[in-house]
Amino acid sequence: MSHASTTLINQVANWLMSQALHDTDLETVVMGCCERLHAAGIPLYRGYFVFSVLHPLYAAMGFTWNRGKGVAVQGYAHTPDSVTTQYNTSPHAYMRDRNLEYLRVRLDTERGVHFPVFDDLRQEGATDYLAFVASFSPGTRSGMLGSWATDQESGFTDEEIDALLRIQDRLAVACKMAVRAQLTKNVLGTYVGTNAGNRVLNGQIHRGDGEAIEAAIWYSDLRGSTMMADTLPSQDYIDALNAYFDATGGAVVEAGGEILSFIGDGLLAIFPAKQNTKGAMKSCGRAIEAARNSFKRMSDINAERTESGRDELAYGIALHRGEVMFGNVGVPERLTFSAFGSAVNEVVRLESLTSQLKEPLLVSSHFADATCEKSQWRPIGEFGLRGVQRDMSVFAPLNAEVPEEAAVAAQ
């Protein structure tokens, strides 16, 4: 006899439908559903759910709810054949091979098919297991895999199984909407950047939409890329580009910067600043921290490339500071969200000096003035930059290293 309240189960169903109408994330939906089911009298011990996602790093995301412990999130990385050993030995692989929508197994008297996950659940005290498969798009792997488990001595009752089967349909609907919302954010974040993506989702989608912001500006460029493109096999060249972007772009993102565009083998990024002296100091500090980190990353990458008989990679970084126009430009049918203005043109011209002067990092006087230790920069000279009306005072780090003191403001 189930002790679950039919009225409260109905409330869980209503709550799930309300979440489908809101911009609710998957973790919140899973957590809220499981906690509410348990509060309604369903003797849940564990709930496990996996969703296929369109993401550059992960093929799927898993959410495990355990009573009293909340939700744990796990990303499943892409694999060459799109499946893992863990999946191949799971109840869900068995179910999909046989077009089964659900599978119930009493763990305390297990008979028939056996899967490794059952051993783990039994050791944790689980007595009953109910798995299900919900497809979002027939004929594809897009959808939700899930399971419910209880440690109730008598296992699930028929009434509890009926309630779970009814609720999981609503859960699938709410999760499908959450997956689509997250998919939109993932795609926009991957292709236009997190900040720009949020602006687009918030309605900044018309040509000319934008605003003027203060920012530290980064531009970097890979050395010898033309020769590499001409002499290397295409895949080796792509691998070299990605290694370079891992070092530079990865460091920018880690320091809180916003990558705006990859221009061939060039990378344009900004570190937005609040409209005050302290804000400028912090944004420049983050840019310096990113530059230092990128050189460390590239040192590790080059050590691996040398060991495998490949040439080392080198690049130059220019850092500048100024007002940029951050917004949409292009044609109505094809827009790009990026930063524009004279400061952006100047940082690109400044970077061209890194190769000429054989300096891996150059900064403008406007940038150096905003750092907390200007004495850590050595003056290189005044230079006329193509397309820039006035000469620019250019600085490089002392001893050819990025000064740690200058990045204190980023902490």
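Taken together, the values in this text are just the output of simple stated rules run on the coordinates, not laboratory data. Note that this is a predicted model, so its numbers are computed, not measured. With ideal geometry, Cβ positions are generated from the backbone for all residues, glycine too; neighbour counts draw on all protein chains shown.
Listing for the model above:
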read-out	value
GLY143 long-range amide H proximity, modeled H, under 5 Å	SER52, PHE136
Residue-wise HN-Hα coupling along the stretch 12-25, computed from phi with Karplus coefficients 6.51, -1.76, 1.60 (Hz; x: Gly, Pro)	5, 4, 5, 5, 4, 5, 5, 5, 5, 8, 10, 7, 9, 7
Cut-off 11 Å between beta-carbons: net charge of the residues surrounding ALA251, Lys and Arg +1, Asp and Glu -1	+1
Which listed pairs, of LYS69/LYS176; LYS282/LYS358; LYS176/LYS274, have C-alpha distances above 32 Å, in listed order	LYS176/LYS274
Per-residue HN-Hα couplings for the stretch 229-240 [Karplus 6.51, -1.76, 1.60; θ = phi - 60°; Hz; x = Gly/Pro]	4, 7, 10, 8, x, 4, 5, 5, 5, 4, 4, 5
Cβ crowding within 10 Å averaged over residues, with 15-23, 96-104 ranked highest first	15-23, 96-104
Whole-Å distance, taken between Cα centres, linking the stretch 215-294 and the stretch 1-41	45
Listed peptides 164-173, 238-247, 303-312 by packing density, highest first (mean Cβ within 10 Å)	164-173, 238-247, 303-312
